[in-house]
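Working notes, structure below.
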Amino acid sequence: MKKIFSLAAILFAAMSINAQESITCAEAVTLMPAQSGSETETVYTVTGYVTNTNGAISPSRTDASIDQQTFWMDDSKGSQKTVQGYWCNLPGHEALNVGDKISVTGKIMNYNNAPEIKNGDVAILERAEVKIDTINATVCEALEEGASLNDKDYSAEVFRVYGRVKGTDAVNNYGQHTFEMACGDQVFKPYNCTADEAEFGKGDSVVVIGKLYNYGGVIEISNGRIELIEKSKEEIVINEVNVAGAVAAVMAMEKGATSDDLYAVTGYVDSIAIAYSEQYNNISFFMTDDMANPTYDFEAYRVKVTAEEAALLTIGRKVTVTAALKRYYKAADPDKELPEIDLAETVEGGSIEIFFGEGIENTADEAKALKRIEDGQVVIIRNGVRYNALGAKIER
């Protein structure tokens, strides 16, 4: 009897999985929730043709054995972008191409008033016969070609863009690189691209491989591949400034611009903007030169920290954050009653130095500290108490 019940349960589960409602892309639009950010309770299987994609695939961040891809689809072959598949799970390890007939299974989300299936499961129903050309280009040529694309569109061809790193390289927790390359005053941006190099320096000669993407007028290759051609002999410039100096430097830049050089900004933590993330090992906080008069106009954004370092970042802690600087600008939105944002901040992924003794003890004792190496570890002894380099007390 138990075996019969188990078999019935398995069959019922299989029937439930196969009972996903199959719909067209046009029907998916009508089923999308009205509120942005909401998703359907029902799981749907949406069938259509791939109409736009950058061709790049990336391992899932929850299961590296699964490759994912972002694409648009429609009920007809062409370039109409009706439903987006956002980092959906591929059935194998080959990228989807424009013209492929596929189905995607998942819940339908309203993402900025467009229907999207996030992390859905892809089934390939029919492969299109396509030939993708690879074109060698300078940064200037890539910018000219990318400007001909509509906003949020990818090029049909793969480009190999040759040039030099303009400023600093921001590397996220997944080892993906983001930096700028220049043609005169114009900027080309490799965004979240993979590479064998741990980090690229200013002036390095590189080639960036992928489809061109027009992101709001910024021409990118997103989720592409970077190869190093030659290391630069330029020295890394680090400008040492206080918070006021960093703000002045940023406000002298164009809106949305990033500095070419690094800045070591020293000041005090006056408030936590985004709490420590265990997943990404970063934290965001505002800095000031004077705790009695905090200004809230400079944010250390997504600074790389360990959990131990994050615990030390209390209000009033003195720190130095080293990173490129960025002028973050967002225009006011009267419809949503959102004000203009014009903020100085560090580029994501900056490093931090936490000053010993600041914020750990409320004491007027100015006794000198002894610093020495014990078992390969920096140990600081102050008033007979032993601390590590991060300022945490070492228990014997």
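The values are calculated or read from the model by the stated rules, or taken from the named source; none is laboratory data. Treat the numbers as computed from the prediction; the structure is a model and nothing was measured. Cβ atoms come from the backbone with ideal geometry, glycine included; neighbour counts cover every protein chain shown. Heavy atoms of the whole protein, side chains included, go into the accessibility calculation; ligands, DNA and RNA do not. Shrake-Rupley method; radii C 1.70, N 1.55, O 1.52, S 1.80 Å.
Seen from K330, the other residues with C-beta closer than 9 Å to its C-beta sum to a net charge of -3, counting Lys and Arg as +1 and Asp and Glu as -1. Considering helices alone, the calculated mean residue ellipticity of the chain at 222 nm is -3500 deg cm²/dmol, with DSSP H runs of length four and up weighted by -39500 (n - 2.57) and normalised per residue. Applied to region 283-295, the Karplus parametrisation 6.51 cos²θ - 1.76 cosθ + 1.60 on θ = phi - 60° returns per-residue 3J(HN,Hα) values of 8, 10, 8, 8, 10, 8, 8, 9, 5, 6, 9, x, 10 Hz, with x for Gly and Pro. Per-residue Karplus couplings for region 252-268, computed as 6.51 cos²θ - 1.76 cosθ + 1.60 with θ equal to phi - 60°, are listed in order as 7, 8, 5, 4, x, 7, 10, 5, 6, 9, 8, 10, 9, 9, 10, x, 10 Hz, Gly and Pro entered as x.
Structure note, pairs K77/K107; K166/K231; K189/K255: Cα-Cα distances above 18 angstrom occur for K77/K107. When the trypsin sites (Lys or Arg not before Pro) in region 122-199 are filtered for DSSP coil states and for at most 12 other beta-carbon atoms within 10 Å of their beta-carbon, the remaining sites are K131. With 0.36 nm allotted per residue and the present C-alpha distance subtracted, the H93-E308 stretch has 73.6 nm of extension available.
Expressed as a whole percent, the accessible surface of the chain that belongs to carbon and sulfur atoms is 50, based on a 1.4 Å probe. Computed from phi, the 3J(HN,Hα) profile of region 306-315 under the Karplus parametrisation 6.51, -1.76, 1.60 (θ = phi - 60°) reads 8, 4, 5, 5, 4, 5, 7, 7, 8, 4 Hz, with x in place of Gly and Pro.
Compared with the direct C-alpha span, the chain from E157 to A198 gains 12.0 nm at full extension, assuming 0.36 nm per residue.
Site pair I236 and K118 shows an inter-label distance of 3.4 nm when each label is modelled 7 Å from Cα along Cα→Cβ. The angle between the Cα long axis of helix 2-17 and the longest principal axis of the Cα atoms of the chain comes to about 90 degrees, rounded to the nearest 10. Projected over every direction and averaged, the convex hull enclosing the alpha-carbon atoms of the chain yields 28.0 nm². The GluC sites (Glu not before Pro) of region 231-338 meeting both criteria, a DSSP state outside H, G, I, E and B (loop) and at most 14 other C-beta atoms within 10 angstrom of the site's C-beta, are E234, E235, E254, E278, E337.
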